[in-house]
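Peer 1: Please see the structure below; I have some questions.
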Amino acid sequence: GRNSDECGCAYKTEEEKANGAVSISLTNELISDKNRAYLRTLPAHIRVEFQLNEEKLNLLLVHGSPRKINEYLFEDRAEKSLLRIMEDADADIMCFGHTHKPYHRILNSGDAEKP
């Protein structure tokens, strides 16, 4: 929604950086001003609180991470780091998509009360 030539992403390789430049250039070419205005109205996070049996759970939906819209949370990220991010965001379940790489992980929070 910002019509920027740089996403601010932390790419791991020069190839990823080059692909990112192509992607943002094409996106800037294709997205209309009306669509950009709409994208800027979307929330940074969506939080859903629900109850499963007797337990209340917080589901957090983000693009990159709760900290930054363009942060990559790849599948090889340390469990301790992911747990800290989720704890700081008060999330029991977190869904994100900036990586474009589908995966899921079940983390061991050490809390016997939570799944």
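The values are calculated or read from the model by the stated rules, or taken from the named source; none is laboratory data. Note that the structure is predicted; figures quoted are calculated from it, not measured. Heads up, the Cβs are rebuilt from the backbone with ideal geometry, glycines too, and the neighbour counts pull from every protein chain shown. Accessible surface areas use protein heavy atoms only, side chains included; no ligands, DNA or RNA. Shrake-Rupley method; radii C 1.70, N 1.55, O 1.52, S 1.80 Å.
Peer 1: Multiplying the sequence separation of E15 and L59 by 0.36 nm and subtracting their Cα-Cα distance, what value in nm do you get? Don't skip to the answer; put the middle values down first.
Peer 2: Working: separation 44, 0.36 × 44 = 15.84 nm, distance 3.37 nm.
The span from E15 to L59 would gain 12.5 nm if fully extended.
Peer 1: Over the chain, what percent of the accessible surface lies on carbon and sulfur atoms, probe 1.4 Å?
Peer 2: Details: 4530 of 8620 Å².
On the chain, the fraction of accessible area on carbon and sulfur atoms equals 53 percent.
Peer 1: Given the DSSP H assignment, sum -39500 (n - 2.57) over each helix run of at least 4 residues in the chain and divide by its residue total; what's the result at 222 nm in deg cm²/dmol, nearest 500?
Peer 2: Numbers: 3 runs with 36 residues, N = 115.
The per-residue figure over the chain is -9500 deg cm²/dmol.
Peer 1: Also, I was wondering about something else. If you count only protein heavy atoms with a 1.4 Å probe, what accessible area per residue comes out for the chain, rounded to a whole Å²? List each step's numbers first, then the result.
Peer 2: Numbers: 8620 Å² over 115 residues.
Each residue of the chain exposes 75 Å² on average to a 1.4 Å probe.
Peer 1: Taking the C-alpha atoms of the stretch 2-59, how large are the radius of gyration and the largest Cα-Cα span, Dmax, in Å?
Peer 2: 17.6, 50
Peer 1: Calculate, in nm to one decimal, what T99 and A44 gain on full extension: separation in residues at 0.36 nm each, minus their alpha carbon distance. List each step's numbers first, then the result.
Peer 2: Working: separation 55, 0.36 × 55 = 19.80 nm, distance 1.63 nm.
In short, 18.2 nm is gained.
Peer 1: At R0 = 25 Å, how high is the FRET efficiency between N28 and N70 if r is their beta carbon distance? Nearest 0.05 is fine.
Peer 2: Computed FRET efficiency for N28 and N70 comes out at 0.95.
Peer 1: Straight-line reach from K12: which aspartates and glutamates fall under 18 Å, measuring Cα to Cα and dropping same-chain residues less than 8 apart?
Peer 2: Leaving aside aspartates and glutamates fewer than 8 places away in the same chain, those within reach of K12 are E71, E75, D76.
Peer 1: Another question, if that's okay. Of N19, N70, N53, which is the most mobile in a GNM of the chain whose springs link Cα atoms less than 10 angstrom apart?
Peer 2: Among N19, N70, N53, the largest GNM mean-square fluctuation belongs to N53.
Peer 1: Now for a different question. Can you classify the chain as rounded, prolate or oblate using the Cα gyration tensor, where a ≥ b ≥ c are the square roots of its eigenvalues, rounded means a/c under 1.5, and otherwise it's prolate if a/b beats b/c and oblate if not? Let's see the in-between values first.
Peer 2: Numbers: a/c = 3.21, a/b = 1.66, b/c = 1.93.
The shape class here is oblate.
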